[in-house]
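Working notes, beginning with the structure itself.
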Amino acid sequence: LADRLQSTIKKITGKGKVSEQDVKEMTREVRLALLEADVNFKVVKDLIKRIKERAVGQEVMESLTPGQQVIKVVKEELTALMGGEQSKIAVSDRPPTVIMMVGLQGAGKTTTSGKLANHLRKKHNRSPLLVACDVYRPAAIKQLETLGEQLSMPVFSQGTEANPVDIATEALAKAKEEHNDYVIIDTAGRLHVDTDLMDELEQIKAKVKPDEIFLVVDAMTGQDAVNVAESFNEQLDITGVVLTKLDGDTRGGAALSIKAVTDKPIKFAGMGEKLDELEAFHPERMASRILGMGDVLSLIEKAQENVNEKQVKELEEKMRTMSFTFDDFLEQMGQVRKMGPLDDLISMLPGANKVKGLKNAQLDEKQISQVEAIIQSMTKQERQEPEVINASRKKRIAKGSGTTVSQVNRLLKQFSEMKKMMKQMTNMQKGKKGKGMNF
Ligand code: GDP
Ligand code: MG
């Protein structure tokens, strides 16, 4: 999706004036890109209609930078389509707060149950009780128990003989006794939506009256995910969606349609198999990501957990004032290394999908070391003012770092693109805050 939009965006951002013809061309590209990304047809139609209306309106045509205004409109509409606001999680007045996890088999319910429990404890100092209600496969109970062990958290289970409705009921009583303030119920899934499954889930719901019903859907299933969301929502009136495996989904189609079709917010995003790989879903950032500008804000947030607050503040400030230098870049690379799997981090960097070689997240350790070597071969002045790097300096740097002039050139180009992207990113607004507990 991003690739396709990139070229159109590039064409339009430089323009001083936008004609209706430009807008038409742009929306056509957006439309194709969305359909290609497996976004629901009707959703695309509505979206394009709104973008067109706004883009040919005064707001855009009479502004000083119409090209950027069009992008802004597209981004705002994409954001609105995905819910417009940041995720919250219910807090019951009368603890425990009950969260019921539902979804098809393999969607990631059990994993996400563990991730949520981990998050509630880590970020909100809560003590959740995990409940194993998938009694159809012994392995499912074991899986949740193993997660509980890893987290040193209690798991309530009664084997495969008990009835899921009873298990859930008794788990609630147990949670009250043990002062667990959250109860996370992991339910069974099927390969397809069927009435038996829905009946059982409805019974559990009626009995435990959950504060949240989170539908867990696999983002990789694209349009199917949307259909699944629609039927679960009809039957159970879910309160929110967790989109899993977003780490493997580059298209973002499911994210775009689900909110529009169910009118329920996507609250969280699963970004990997590990227990700390759950993030709040930020529609605005997802929109940026879809537009190919890189998810700088998520990167900053991730960095925040590993880097100290002050460093992050400095980085943000530098991005705002555009005083980001190669020294900062070098430092960032060090941080990125600390943060773990390179692939997902790189894909969050602005402009990452524009840079050859990064495309399939194939940036390996060797390339990283080369980049580091190149920067280390620069003088202090060169790191701060890369403009001064002329041909003879390039030769010197290449020699000093054991690379080639074309590698040096590539890095310089990448760096300047990155700065450009940062500028665009920082010009965009930040999300609004609403009611409820901030995830
Ligand atoms: P359930 O049948 O709905 O309970 O699904 P599971 O929790 O057992 O997950 C099915 C598979 O998906 C497991 O192999 C998980 O490790 C994997 N999985 C779950 N969430 C994510 C995610 O966010 N990213 C990735 N890459 N894998 C995930
Ligand atoms: Mg499961």
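Rule-based calculations on the coordinates, nothing more; no lab input. Model, not experiment: these values are computed from the prediction. Please note: Cβ atoms are built from the backbone with ideal geometry, for glycine as well, and neighbour counts cover all protein chains shown.
Evaluate E = 1/(1 + (r/R0)^6) for Asp276 and Thr379, where r is the Cβ-Cβ distance and R0 equals 30 Å; express this FRET efficiency to the nearest 0.05. Spell out each step's value before the answer.
On the way: r = 40 Å, r/R0 = 1.33.
Taking R0 as 30 Å, the efficiency between Asp276 and Thr379 is 0.15.
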| Fraction of alpha-carbon pairs over 15 Å apart in the stretch 140-228 - percent | 67 percent
| said: Quick query: amide H of Tyr182 versus all other amide H atoms, modeled in the peptide plane; which residues come in under 5 Å with a sequence gap of 5 or more or a different chain? | reply: Thr97, Ser127, Leu129
| said: Could you tell me the extents of the stretch 104-253's C-alpha atoms along the three principal axes, largest first, rounded to whole Å? | reply: 44, 33, 28
| remark: Taking only the Cα positions of the stretch 177-239, the convex hull volume per residue in Å³ is 103 Å³
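Give Lys366/Lys419; Lys123/Lys267; Lys52/Lys420; Lys115/Lys267; Lys259/Lys420 a once-over and call out the pairs whose C-alpha atoms are over 22 Å from each other.
Lys366/Lys419; Lys52/Lys420; Lys259/Lys420
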| message | Percent of Cα-Cα pairs more than 26 Å apart in the stretch 172-290, please. | response | 24 percent
| task | Considering the options Asn233, Leu201, Pro138, tell which one lies farthest towards the positive end of the dipole of the stretch 136-246, charges being +1 on Lys and Arg and -1 on Asp and Glu at the Cβ, about the Cα centre. | result | Pro138
| Note, ³J(HN,Hα) from phi for the stretch 171-180, Karplus 6.51, -1.76, 1.60, rounded to Hz, x at Gly and Pro | 4, 5, 4, 4, 4, 4, 4, 8, 6, 7
| said: Using amide H atoms built in the peptide plane, which far-off residues or other-chain residues are under 5 Å from Phe156 H to H? | reply: Leu130, Val131, Ala132
